[in-house]
Amino acid sequence: RPIAMAAPMTDPVLAGASSNTNVAKIAMQQQQKRTDVVEPQVISEDLLIRGVEEPVRHDGEPWEAIDFPSVTSLRLSWKNIIEVSNLNNFDFLTTLRLDNNIIDKIANLNHLKQLTWLDLSFNNIREIEGLDQLHNLLDLSLYHNQIEEIKGLDGCPKLNILSLGHNHIKDLKQIDYLRKFQSLRCVCLDGNKVCQNDSYNQHVLAYLPTLKYLDYMLIDRKAVLQAQEGYNLDELTEVKEREQVEASKVKGQKDKLKIIEKLKGSFLDATEDLFEELFSKDTEPEAVTVLTCYAPLREDFRDKLTEDIKALRTWMEGKNENRSKKVGGFEKSISKAEGESESEAFQMVRDFRSHKKKILSQIDREDNAALKPEMEAMITQLVDQLGGLENHLMANEIQLQESIFEAISDFEAKISETIKQMSEKGGEFFRHLEDLEKVFYTGLLEGSNSEIEAFAQSQEIATTDNDSNKARFLGNKEEMIQACQSFNEAHMTMIQTKQDYMEEQLKSWRNSFFERHRERQYHRNRQRVMDVKKVLDDCRAEINAASDVGDEYDENDGGGDAYGH
């Protein structure tokens, strides 16, 4: 069924509206002015071409579809568009206007990574969604839709302006969601039922203290302070405390990642939190936790493992520092050899070009007359010199390539010895860890047997829940032994996995490092040969152009082409 097109409407916030409280009413009145009848439509190529705003072509002609990746601003307002689609090629789009359409779902936008301004005002959208990857979005308008809940904006951490005026937002608590957006400076909620709440202004100012504009009005900083000090104080304090705890948790996670990244550089990240993994709740059987001997054995394991990890890290970090210095020295020497060879080649080319220019400037020709014999001799000598230059340049490149590959092989042998030593040291650590596990396992078995025998001889029956649980495990010797064996097997498997991981890290670094250098030299050599060929071809073309005319010079006006041209 044909749908009447509404007259153009614009979000007051996006248009930079003043404090005029009648703006929304005016927009509503404009909406009643029905003019043309337009069929619902999808975003077609023709719409896209006509919708491009920036950049403007110098010739004033419309953009073609092939140019869409270069477009930065696209306007598709008032087109009766029913869905967001066909925007796949707009990789550098920063501004997108889809206002005054009949879109009911936000979708197919997450690939627009560069988007900073998105206008979806005056549509039929019911839910904020589909914005998870728009990390650079600064300005979002959802003015005059059918949204009931403020959510779905977590992927837009840089959000600066948010317009949600004239939607169906009712609850003050919805506003609290916006606290996480530290860059938020302007919010419009005008026209929602939530604004009718007597505490609306105070709630916004108390929970969003960084705002500068609310519903088109500049916020008085004194009002913010008053709201912070007097509105919903207990709850606000709890909110701040939770945020501090969460911020501390996030900081801890970031610090932990930094530690792990640093340890990775020394191939030691397998040792981080190793004890915690060995004795995690997923690994630790419930049965062994009731044993009196378990806690002391566990703490003894922790202390000895901590000492071993400290010793390993000290040794490995020292060895890794030495490895890093060797790598730096190797790469510096390769770069120096390449630079010296290139400088020599450039100088040889410059010298030849200077010589060529001097020779060609001596060529004296009148109109299209042929070259005189002495001039031909000079040209022939120049061609021979160019051939000599080519041989010299290629010989130098071959020599450089051979010397670099020889240096790579020599350094690989040296660094492989260092990697072998590091791998062996890691192996020693894990063998000692296995010994610690055997001591722990033996102590656990002996302790469990003693406690099970003591329990069997005891005539007292515990009545508390804890004692009942203990009685259940100590009363079943077979189950306890199985739990200890499973614990030991899990530990041994984890130890082997950690060792395999460390050895693979060392091996992978060595292989990738030398493969990368060999690959780089291969491509450098190909590019160098192509560059030399181009220089020589250019010089050869200039020489040929100087000699490629008329007939051979002859004092008797006879002649022939000395070069067979």
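The values are calculated or read from the model by the stated rules, or taken from the named source; none is laboratory data. Source: prediction; values computed, not measured. Reconstructed Cβ throughout: ideal geometry from the backbone, glycine too, with neighbour counts over all protein chains shown. Side chains included, ligands, DNA and RNA excluded: accessible areas come from the protein's heavy atoms. Shrake-Rupley method; radii C 1.70, N 1.55, O 1.52, S 1.80 Å.
Screening segment 161-179 for residues that are hydrophobic (A, V, I, L, M, F, W, C) and part of a loop (DSSP other than H, G, I, E, B) and picking the one that is modelled with the lowest pLDDT gives L172.
Scanning segment 159-190 for residues that are farther than 23 Å from K240 by Cβ and basic (K, R) gives a single hit, K170. Quick one: would you say K372 is within 30 Å of E272 (Cα to Cα), of a type in the set (D, E, K, R) and in contact (Cβ under 8 Å) with a residue 24 or more places away in the chain? Taking the combined requirement at face value, the residue does not satisfy it. Scanning segment 192-215 for residues that are surrounded by fewer than 20 Cβ atoms within 10 Å (Cβ to Cβ), touching a residue at least 24 places away in the same chain (Cβ under 8 Å) and assigned to a loop (DSSP other than H, G, I, E, B) yields N197, S199, T210, L211, K212.
Restricting the first member to segment 287-300 and to residues that are part of a helix (DSSP H, G or I) and at pLDDT 90 or above, and the second to residues that are open to solvent by 20 Å² or more (accessible area, probe 1.4 Å) and not small (G, A, S), the beta-carbon pairs closer than 6 Å and six or more apart or on different chains are V290/K470.
Please determine, by comparing only the residues of segment 107-121 that are touching a strand residue (DSSP E or B) at 6+ places or on another chain (Cβ under 9 Å) and open to solvent by less than 30 Å² (accessible area, probe 1.4 Å), which one is farthest from I49 (Cα to Cα). That would be S121. Among the residues examined, S403 qualifies as closer than 27 Å to S333 by Cα, in contact (Cβ under 8 Å) with a residue 24 or more places away in the chain and either assigned to a helix (DSSP H, G or I) or open to solvent by less than 30 Å² (accessible area, probe 1.4 Å) (or both). Kindly establish whether K332 is farther than 20 Å from S486 by Cα and surrounded by fewer than 13 Cβ atoms within 10 Å (Cβ to Cβ). Yes; evaluated as a whole, the condition is true for this residue. Checking each residue in segment 417-446 for being open to solvent by 30 Å² or more (accessible area, probe 1.4 Å), closer than 20 Å to R323 by Cβ and touching a residue at least 40 places away in the same chain (Cβ under 8 Å) picks out Q421, S423, K425.
All conditions in (1) part of a loop (DSSP other than H, G, I, E, B); (2) in contact (Cβ under 8 Å) with a residue 40 or more places away in the chain hold for E127, with the sole exception of (2).
Determine which member of the set F352, F346 is aromatic (F, W, Y) and either loosely packed, with under 11 Cβ neighbours inside 10 Å or without any contact (Cβ under 8 Å) to a residue 24 or more places away in the chain (or both). None of the other options fit; the residue is F346.
Tell me, please, whether a residue that is touching a helix residue (DSSP H, G or I) at 6+ places or on another chain (Cβ under 6 Å) and open to solvent by less than 40 Å² (accessible area, probe 1.4 Å) can be found in segment 125-139. The answer is no, given that none of the residues of segment 125-139 is touching a helix residue (DSSP H, G or I) at 6+ places or on another chain (Cβ under 6 Å) and open to solvent by less than 40 Å² (accessible area, probe 1.4 Å).
Could you please let me know if V224 is surrounded by 11 or more Cβ atoms within 10 Å (Cβ to Cβ) and in contact with a Phe, Trp or Tyr (Cβ under 8 Å, 6 or more places away or on another chain)? Spelling it out, it is not the case that V224 is surrounded by 11 or more Cβ atoms within 10 Å (Cβ to Cβ) and in contact with a Phe, Trp or Tyr (Cβ under 8 Å, 6 or more places away or on another chain). Does segment 2-16 include one or more residues that are at pLDDT 85 or above, within 34 Å of the chain's Cα centre (by Cα) and surrounded by 15 or more Cβ atoms within 10 Å (Cβ to Cβ)? No; the residues of segment 2-16 include none that is at pLDDT 85 or above, within 34 Å of the chain's Cα centre (by Cα) and surrounded by 15 or more Cβ atoms within 10 Å (Cβ to Cβ).
Which ones in segment 140-161 are crowded, with 23+ Cβ neighbours inside 10 Å and among the polar types (S, T, N, Q)? The answer is S141, N145.
Scanning segment 474-531 for residues that are in a helix (DSSP H, G or I) and either open to solvent by less than 40 Å² (accessible area, probe 1.4 Å) or not charged (D, E, K, R) (or both) yields a total of 40. Residues of segment 356-371 being open to solvent by 70 Å² or more (accessible area, probe 1.4 Å), at pLDDT 75 or above and not small (G, A, S), which ones? Result: K357, K358, Q362. Only residues that are within 34 Å of the chain's Cα centre (by Cα), open to solvent by 40 Å² or more (accessible area, probe 1.4 Å) and over 21 Å from L236 (Cβ atoms) were counted across segment 162-182, and they come to 0. For segment 85-98, a tally of residues being modelled with pLDDT under 95 and under 20 Å from P40 (Cα atoms) returns 3. If we scan segment 75-83, do we find a residue that is within 20 Å of F181 (Cβ to Cβ) and either out of contact with any Gly (no Cβ under 8 Å at 6 or more places or on another chain) or open to solvent by less than 70 Å² (accessible area, probe 1.4 Å) (or both)? No, segment 75-83 contains no residue that is within 20 Å of F181 (Cβ to Cβ) and either out of contact with any Gly (no Cβ under 8 Å at 6 or more places or on another chain) or open to solvent by less than 70 Å² (accessible area, probe 1.4 Å) (or both).
Number of residues in segment 31-59 that are at pLDDT below 90, open to solvent by less than 60 Å² (accessible area, probe 1.4 Å), over 20 Å from T94 (Cβ atoms) and part of a loop (DSSP other than H, G, I, E, B) equals 1.
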